[in-house]
Protein chains: 6
Amino acid sequence: MRNDQRDYNELRPVNITPDYIKHPEGSVLIEFGDTKVICNASIEDRVPPFMRGQGKGWITAEYAMLPRATEQRNIRESSKGKVSGRTMEIQRLIGRALRSVVDLNQIGERTVWVDCDVIQADGGTRTASITGAFVAVVLAFNKLLHKKMIKKMPVTDFMAAISVGISPDGTELLDLNYQEDSVATVDMNVVMTGAGEFIEIQGTGEEATFSGNQLQTMLGLAGEGMQELNSIQKTVLGDMTNRIGETRKTEEDSP
Amino acid sequence: MRNDQRDYNELRPVNITPDYIKHPEGSVLIEFGDTKVICNASIEDRVPPFMRGQGKGWITAEYAMLPRATEQRNIRESSKGKVSGRTMEIQRLIGRALRSVVDLNQIGERTVWVDCDVIQADGGTRTASITGAFVAVVLAFNKLLHKKMIKKMPVTDFMAAISVGISPDGTELLDLNYQEDSVATVDMNVVMTGAGEFIEIQGTGEEATFSGNQLQTMLGLAGEGMQELNSIQKTVLGDMTNRIGETRKTEEDSP
Amino acid sequence: MRNDQRDYNELRPVNITPDYIKHPEGSVLIEFGDTKVICNASIEDRVPPFMRGQGKGWITAEYAMLPRATEQRNIRESSKGKVSGRTMEIQRLIGRALRSVVDLNQIGERTVWVDCDVIQADGGTRTASITGAFVAVVLAFNKLLHKKMIKKMPVTDFMAAISVGISPDGTELLDLNYQEDSVATVDMNVVMTGAGEFIEIQGTGEEATFSGNQLQTMLGLAGEGMQELNSIQKTVLGDMTNRIGETRKTEEDSP
Amino acid sequence: MRNDQRDYNELRPVNITPDYIKHPEGSVLIEFGDTKVICNASIEDRVPPFMRGQGKGWITAEYAMLPRATEQRNIRESSKGKVSGRTMEIQRLIGRALRSVVDLNQIGERTVWVDCDVIQADGGTRTASITGAFVAVVLAFNKLLHKKMIKKMPVTDFMAAISVGISPDGTELLDLNYQEDSVATVDMNVVMTGAGEFIEIQGTGEEATFSGNQLQTMLGLAGEGMQELNSIQKTVLGDMTNRIGETRKTEEDSP
Amino acid sequence: MRNDQRDYNELRPVNITPDYIKHPEGSVLIEFGDTKVICNASIEDRVPPFMRGQGKGWITAEYAMLPRATEQRNIRESSKGKVSGRTMEIQRLIGRALRSVVDLNQIGERTVWVDCDVIQADGGTRTASITGAFVAVVLAFNKLLHKKMIKKMPVTDFMAAISVGISPDGTELLDLNYQEDSVATVDMNVVMTGAGEFIEIQGTGEEATFSGNQLQTMLGLAGEGMQELNSIQKTVLGDMTNRIGETRKTEEDSP
Amino acid sequence: MRNDQRDYNELRPVNITPDYIKHPEGSVLIEFGDTKVICNASIEDRVPPFMRGQGKGWITAEYAMLPRATEQRNIRESSKGKVSGRTMEIQRLIGRALRSVVDLNQIGERTVWVDCDVIQADGGTRTASITGAFVAVVLAFNKLLHKKMIKKMPVTDFMAAISVGISPDGTELLDLNYQEDSVATVDMNVVMTGAGEFIEIQGTGEEATFSGNQLQTMLGLAGEGMQELNSIQKTVLGDMTNRIGETRKTEEDSP
């Protein structure tokens, strides 16, 4: 039994509130248990210099935590004057994950800025960010569709992320909360498509190593969690669900 | 009639949700109409170097906006690597305002960090921040009182802030929203105590100047708004209200 | 009696030396007692990006102190690699004050850079800077007039700044020197036009609050000081005095 | 057949030159084909603040490229004034990998700084860095052993890293060179112990996703490559090989 | 004949105003023609970390220009957030020059901060800075002598600096003004002691090279100029002159 | 006899390995005894903004050390976020030296970036960098000649640099190693042309001064060393040697 009464293969309660902030083209508040992240998607009518003139778009992400999202207050990165390595890793991961299910050719020379701001943290902030960001981006594209600025929903498949890990007693766990994460011997984040393909696997054992069998067990748990997350995303997106996949990812789509 | 149907001397709906984030010692979400700010107060058990060894505490504030709190997305200050002049002005103002109603001698060598993070902006973010920060700080001190870490509520009086200004047609207005603020010829922020004394007045006319009479009218409006804000703060603070003022501000209190 | 024998409503000796540095279009050394500031106005033939294509100009200010302008040596801001919040507040204030009395439509797509460098500090550096900067800017515009680069003196009225405050014994004082400023319970800076209208009021009580009556007394003192400063500015500007106000500030003038 | 005549499961020629630079405690030049990295390990007699007083050590890594290690010259990170997200990711990865096979309790309050400087790049710079850094660290510990500053070789097992990926035609490949890497649809870096356990898996598909079967094939290739790398490391380390593993990684070892 | 009517071996008018700013322990305004530099020497009662515990002092220098000291306005280094290479070169040069004639053992664990701020530039700002800084430092030490904080004047000899160069027509010139400097083919700065020994020679030909004979001619001119500068320094220092050299530079004096 | 058995006027063994790194247009490894520097010359097809539209080129240099090039590990400048004054001085010196023997008119609007990266340091890193950079630049221009992108070898003469100094016992020494350099009372770097003219002289005595006679002796030693260096450069350059000087430096060549 886990510290919050969950079974080893059980997600925390997941809640997604759409249209949470009024200004962004797409906005959600996503909650994985006590982890709460505001995901805002903004559309900008130009692309970064390295993409110009190719007739296609770009998606980039930024991630931050409020200083007191955590048990101990963190120094604000704007005060430190630089972004930490951890933050950079996470924002690069969010961006890659989103780009992998969007046909950038369909969106014209536009940039989608995705801001994931953690207002309360209890483990899994990066997986909640990715899962929520997916919904925010679909909402933003839906707005472009209604304004007839794009012709098709450019999203090729559902996408979500979840953490798995190994507890000190050797049990593989799904969706670690902060207390579990801080004692886990192995920590893995998995990003998958609705079709069950992998987009990203990042597994790390700093104190311990893991075998091929343990890897398989963890990937199995991740697969189960992913199906639940996709189903929650579908409920929130309602009618938009049917438009996901109307574009197929093509090979020329890569930057 | 104003663009949101208010009378010239009418506040927007003000809402304060206490205990909004779970980790901080004091936390509120404050809403002035569509302006929404998370105010978190954190207690740190030491003071900055310039205050050490004096047996008294310090209060400091930080202020930020989510990139898409505004109509147009702003570049994140952590990405720019520096904090703007506007942000610095606001956080210095919030800190001064709070210190003016707290007897720093009562709190020991502790720092209160107040983080005001605007998640949605529609004008008046600095006045909402100050008004909400006051409540967050009282909540945090209340926690210290319960843990018997301090003996008396160190807050000497109520305190809140409100904006006033002059519209292009010459009308003095209370609590400007973003649209009003962007066309106002004079913009003034007033911070006052529950007793009706001034803590800070910052009035600016970039496009226009203002007369002594206009100044008086604006200060009158501010005084009215302040009473309403104090009354809302009291409702939220409930029993804690009676402890405000049990400490009197003394002259030796200044840093 | 004050520590330098002045009466409560008496300015320190004010001295303005025009054409102090040879390169700038406008340059003065201004002295408020022992406070000495070099104010240089430079004309650049372009405006910042956010102003381009509007056919009007911009005025911006920078403020700094020599490291040993003060009793204790300050670390140079270029060595620290960042500008302090105090410096930013002051330079934003100087810029706003100047823009409020200049018709930016008259100066074409030019930027006036005003550099206020304090070489010796004894309180009131920001008010001396504003008062001297006004003269430097008029000198610079006069040079443009002589070169027929502009047609009218674009300055709509005289403008100066002065500090007022309240001493620990409760006396309202005009033009505080450093020793007075460091013990004052209330500190206020007032920027006014030659016509006696307010441009900016910034009053702060960190250790104390102030009543409406005290505010009125301070504003009265400021008004008296302002007249003396205007009269000194007129003496320095000589013939140029008559051209001030030949342009009237129009509403479209704002950025 | 690959662009450099290798089979799909074939490493490039790997060469490790020990004692390459004279000052560091441990130093190697490692070559994976045309990729050349200088790996220097330096011992410092103190640990970072967050580790002090625990009686154990720390290992940290830094990674950089000479500006012209690549086909196009890169701007030097010292000139840009900040380290890129990619660099941070790599140096964090190198540090974690090394710490996973070192018993930090054995080395006392010392920090091992590992500097991986790429002097020529042709793909696989992070895997070459990790593989070379392992050898440099063993050399450095060997020096401490000779000076009797530590009692046992604190390294618990061999460790190396290799890249695998999927080519545009769907073939899984071992040890991608730059040309292969730039067109690969999936890119994965695998860090493993001599015993065949995983330390880190980072697999990414930006343009494509990958199935569970493809993952297994790639992990199989990585396992083969790892054995070859371990064997090359053993040849270079000679007698030191026998001391690897004389310390067993214990659970209390984690930071 | 030179553009300002001087002979090839003639200094510009040199003027040194002692006690120019009131706060610093030593302060002068030095003028080399139209080049004007405020040199302030501040005494701090501690040394930088690398000097602690040795019972001796340190001298360091900072150099800056007001933005409009020059014909074209320069961006303030505090705004750029970094100090230019040119500035760093100059401040390192000033510091070395001063340290070469001060017996650091005589001043205890104190730091002398020398600030050279160019308020108007017309060539030779670094040589004027060094020459003026020497006087400011002697004034500061004199104050320490009077307060009996040191026993002997720790200055071992006079010291000054002057520029020499070669004009486009091949003439060697002493003390180049800005116009001469900007067309000179060779530019050399020479720092010498009162006894005629060299402290520093920095000669550069970017567009041209120079022969051994030309070098000798330039060094001869520098020697002549140096004597005049020493004589002006002596006049300003008056009675203090006799105390220069009462300490002899010893070998253990170096850091 | 010196600590490495050399005579006072003897260079350390000098070795230059051409084409050391494969990507740059010109690349050498240069060794002055145990000092080893990789010098890479890169050609970029544009010039910096201040040079545009003049139809001529630019040469700029960057210099860095690997953190453990030295006995004690240095903090990486990219981690510190800024380049030290020493580094800036050296890279400005390398750039000036190279520009003094290249006719920038011959190379079109191109920039030559020269990167000098010290992989092992034992004194004389700046002189080794200049001497090696000269060869790397000639190799790069030779590549442009072969591609017919330029018509003539734009290098007007040979160029090299060497250090001289005075040991604590008063002996003038050629080519100081680190141990000698750290105790020398005078340190001088000399850059000369193949024709024996001076390009740059930088002589510094921090602990001591030096006389005109000592200066002559040091310059004599430098001249001898320079001839040997030129002869080694010629051997490495082979046939390219004859093309050096086919362009004569013209006066209009300067930036």
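The values are calculated or read from the model by the stated rules, or taken from the named source; none is laboratory data. Keep in mind the model is a prediction, meaning the values are calculated, not measured. Counting neighbours? That spans all protein chains shown, and the Cβs are built from the backbone with ideal geometry, glycine included.
Overview of values
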| read-out | value |
| --- | --- |
| Residue match in the stretch E:45-54 (condition: within 14 Å of chain F (Cβ to nearest Cβ), over 13 Å from E:Phe141 (Cα atoms) and of a type outside the set (A, V, I, L, M)) | yes |
| Candidate set from the stretch E:64-91 (those that are touching a strand residue (DSSP E or B) at 6+ places or on another chain (Cβ under 8 Å) and within 11 Å of chain F (Cβ to nearest Cβ)); member that is farthest from E:Glu200 (Cα to Cα) | E:Thr87 |
| Subset of the stretch A:214-246 [within 14 Å of chain D (Cβ to nearest Cβ) and within 16 Å of the chain's Cα centre (by Cα)] | A:Ala222, A:Gly223, A:Met226 |
| Failed criterion for E:Ala184 (all others in (1) more than 10 Å from chain F (Cβ to nearest Cβ); (2) under 28 Å from E:Glu25 (Cβ atoms) hold) | (2) |
| Residues satisfying the stated conditions in the stretch B:1-21, i.e. closer than 23 Å to A:Gln120 by Cβ and not aromatic (Phe, Trp, Tyr) | B:Asn15, B:Ile16, B:Thr17, B:Pro18, B:Asp19, B:Ile21 |
| Test result for C:Met65, modelled with pLDDT under 95 and aliphatic (A, V, I, L, M) | no |
| Index of the failed condition, E:Glu77 passing every other in (1) over 28 Å from C:Val28 (Cβ atoms); (2) touching a Ser or Thr at 6+ places or on another chain (Cβ under 7 Å) | (1) |
| Scan of the stretch B:57-103 for residues that are free of Cβ contacts under 8 Å to residues at least 40 places away in the same chain and of a type in the set (Ser, Thr, Tyr), ordered by number | B:Ser78, B:Ser79, B:Ser84, B:Thr87 |
| For E:Arg92: the one exception among (1) under 14 Å from the mean Cα position of the chain (by Cα); (2) at pLDDT 95 or above | (2) |
| Output for the stretch F:193-213, where each listed residue is facing chain E (nearest Cβ under 7 Å), touching a residue at least 40 places away in the same chain (Cβ under 8 Å) and over 22 Å from the mean Cα position of the chain (by Cα) | F:Phe210 |
| Evaluation of F:Gly123 against (1) under 25 Å from D:Glu71 (Cα atoms); (2) touching a Leu at 6+ places or on another chain (Cβ under 9 Å) (one fails), failing number | (1) |
| Residue selected from the stretch F:140-160 under the condition among the aliphatic types (A, V, I, L, M) and in contact with a Leu (Cβ under 8 Å, 6 or more places away or on another chain), by the criterion farthest from F:Gly95 (Cα to Cα) | F:Ile150 |
| Single residue of D:Thr241, D:Thr156, D:Thr247, D:Thr185 found to be over 16 Å from A:Glu200 (Cβ atoms), among the β-branched types (Val, Ile, Thr) and without any contact (Cβ under 8 Å) to a residue 60 or more places away in the chain | D:Thr241 |
| One residue from C:Glu109, C:Glu31 being touching a residue at least 60 places away in the same chain (Cβ under 8 Å) and touching a Gly at 6+ places or on another chain (Cβ under 7 Å) | C:Glu109 |
| Where A:Ala140 falls short, out of the listed (1) of a type outside the set (Val, Ile, Thr); (2) surrounded by fewer than 24 Cβ atoms within 10 Å (Cβ to Cβ); (3) out of contact with any Asp or Glu (no Cβ under 6 Å at 6 or more places or on another chain) | (3) |
| Residue tally, condition touching a Ser or Thr at 6+ places or on another chain (Cβ under 8 Å) and more than 14 Å from chain E (Cβ to nearest Cβ), over the stretch F:92-121 | 10 |
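Results for (1) touching a Cys at 6+ places or on another chain (Cβ under 8 Å); (2) at pLDDT below 95; (3) farther than 16 Å from E:Thr209 by Cα; (4) among the aliphatic types (A, V, I, L, M), shown as yes or no for each residue.
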{"residue": "F:Ser211", "(1), (2), (3), (4)": "no, no, yes, no"}
{"residue": "F:Met218", "(1), (2), (3), (4)": "no, no, yes, yes"}
{"residue": "F:Leu221", "(1), (2), (3), (4)": "no, no, yes, yes"}
{"residue": "F:Gly225", "(1), (2), (3), (4)": "no, no, yes, no"}
{"residue": "F:Asn230", "(1), (2), (3), (4)": "no, no, yes, no"}
{"residue": "F:Arg248", "(1), (2), (3), (4)": "no, yes, no, no"}
